[in-house]
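One structure is given below, represented as structure tokens, and several questions about it will come after.
The values are calculated or read from the model by the stated rules, or taken from the named source; none is laboratory data. None of these values were measured; they are calculated from a predicted model. All Cβ positions, even for glycine, are placed from backbone atoms using ideal geometry, and neighbour counts span all protein chains on display. Keep in mind that these areas ignore ligands, DNA and RNA; they rest on the heavy atoms of the full protein, side chains included. Shrake-Rupley method; radii C 1.70, N 1.55, O 1.52, S 1.80 Å.
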Amino acid sequence: MNIPTNLKYTKDHEWISMDGSIATIGITDFAQSELGDIVYVEVESLDQTLDKDEVFGTVEAVKTVSDLFLPMSGEIIEFNEDLERNPETVNTDPYGKGWMVKIKVSDISQWEELLDSDAYGKLIGA
């Protein structure tokens, strides 16, 4: 199971990276493997400001549909439009080309509340 050490994680299996006040968010390798083949990613919250843990979209796999939860409060400023044509990228490259949204973070202190790679590994039993 791939758990990059430079990212932070949530108990809901989202990952997050920071670049200044802009955060990139996706789902973890564990999450995509549990979901199976991803066929659709929907984000209807573009240009909206959401609180931490609010649903910002859904990911649909052959077996199920799962909500996506925002790891930090902020405004959703970008959706990875490549996922509209190639949702399976989330399966093949969850930490790279399979990212889902970018947000302008409104409360940077929430970064410290997220799980590091060791804590996330323990959560999933890796």
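If SER106 passes every condition in (1) open to solvent by 80 Å² or more (accessible area, probe 1.4 Å); (2) under 15 Å from VAL39 (Cβ atoms); (3) of a type in the set (Ser, Thr, Tyr) but one, which one does it miss?
Of the numbered conditions (1) open to solvent by 80 Å² or more (accessible area, probe 1.4 Å); (2) under 15 Å from VAL39 (Cβ atoms); (3) of a type in the set (Ser, Thr, Tyr), the odd one out for SER106 is (2).
Could you say which residue among TRP111, TRP99 is more than 13 Å from GLU14 (Cβ to Cβ), open to solvent by 10 Å² or more (accessible area, probe 1.4 Å) and modelled with pLDDT of 95 or more?
Criteria check complete, one pass: TRP111.
Look at the range 34-92 and say how many of its residues are at pLDDT 95 or above, among the hydroxyl-bearing types (Ser, Thr, Tyr) and closer than 21 Å to SER106 by Cα.
Residues that pass the stated criteria total 2.
Hey, another quick one. One residue is enough: does the range 22-36 have a residue meeting the conditions farther than 22 Å from GLY121 by Cβ, within 13 Å of the chain's Cα centre (by Cα) and open to solvent by less than 20 Å² (accessible area, probe 1.4 Å)?
no
Moving on to the next point. Name the residue that is most open to solvent (accessible area, probe 1.4 Å), counting only residues in the range 37-50 that are more than 14 Å from the chain's Cα centre (by Cα) and among the charged types (D, E, K, R).
GLU44
Right, something else. For PHE79, indicate whether it is open to solvent by less than 70 Å² (accessible area, probe 1.4 Å) and under 18 Å from LYS8 (Cα atoms).
Here the answer is no, as PHE79 does not meet what is asked.
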